[in-house]
Amino acid sequence: MYEVGKNLLPYDLEVYRNYFLFGAIGPKGELIQSCDQILLRNLLANWYEHGYELVGFNSKSYDDRVMKAYLASGGDPEAAYRRSKEIIEGGDRAFEEVPYPSVDLIRVLPGIMSLKKLGVIMGHPRLQE
């Protein structure tokens, strides 16, 4: 059964020319980190099968699309990096269908244009780069 706030798994990506890292807080509150596309595909499939969705900040415009490129390439970090550069340098912020559901907080919270600002509003005791 889906419960608002209970079935959302926060995630983020780190993308460099030769490195891709997926990070999330799993269903039991555990830290999940993976550079392996097979493990990532299996995690996503399992989570969605059990009613979980990823949640990120600006994820529809960036993270979802970069992860899609990474998975479509068979786990090539260079493909994720190229897609990342296309989005950032080209200003490409268009919505794109991805093969899994996710929630983008920037779309749910209009006017909050920075993740740090959101953290301040939510009263997080620690913010860092």
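Scan S73, S34 and give me the residue that is under 13 Å from the mean Cα position of the chain (by Cα) and either free of Cβ contacts under 8 Å to residues at least 24 places away in the same chain or farther than 14 Å from Y16 by Cα (or both).
Being under 13 Å from the mean Cα position of the chain (by Cα) and either free of Cβ contacts under 8 Å to residues at least 24 places away in the same chain or farther than 14 Å from Y16 by Cα (or both) holds for just one of S73, S34, which is S34.
Cβ-Cβ contacts under 8 Å between residues 6 or more apart (or on different chains), taken from a first residue in the range 1-14 that is part of a loop (DSSP other than H, G, I, E, B) and of a type outside the set (A, V, I, L, M, F, W, C) to a second residue that is at pLDDT 90 or above and surrounded by 12 or more Cβ atoms within 10 Å (Cβ to Cβ), are listed as Y2/G51; N7/G51; N7/Y52; N7/E53. Residues in the range 52-102 that are part of a strand (DSSP E or B) and open to solvent by less than 30 Å² (accessible area, probe 1.4 Å): L54, V55, G56, S102. Does the range 22-42 hold any residues that are under 15 Å from N7 (Cβ atoms) and not in a loop (DSSP other than H, G, I, E, B), and which are they? A24, I25, listed by residue number.
The values are calculated or read from the model by the stated rules, or taken from the named source; none is laboratory data. Just so it is clear, the structure is predicted and the values come from calculations on it, not from any experiment. Quick reminder, even Gly has a Cβ in these numbers, built from the backbone with ideal geometry, and neighbours come from all protein chains shown. Quick note on the areas: whole protein, heavy atoms, side chains included, nothing else; ligands and nucleic acids left out. Shrake-Rupley method; radii C 1.70, N 1.55, O 1.52, S 1.80 Å.
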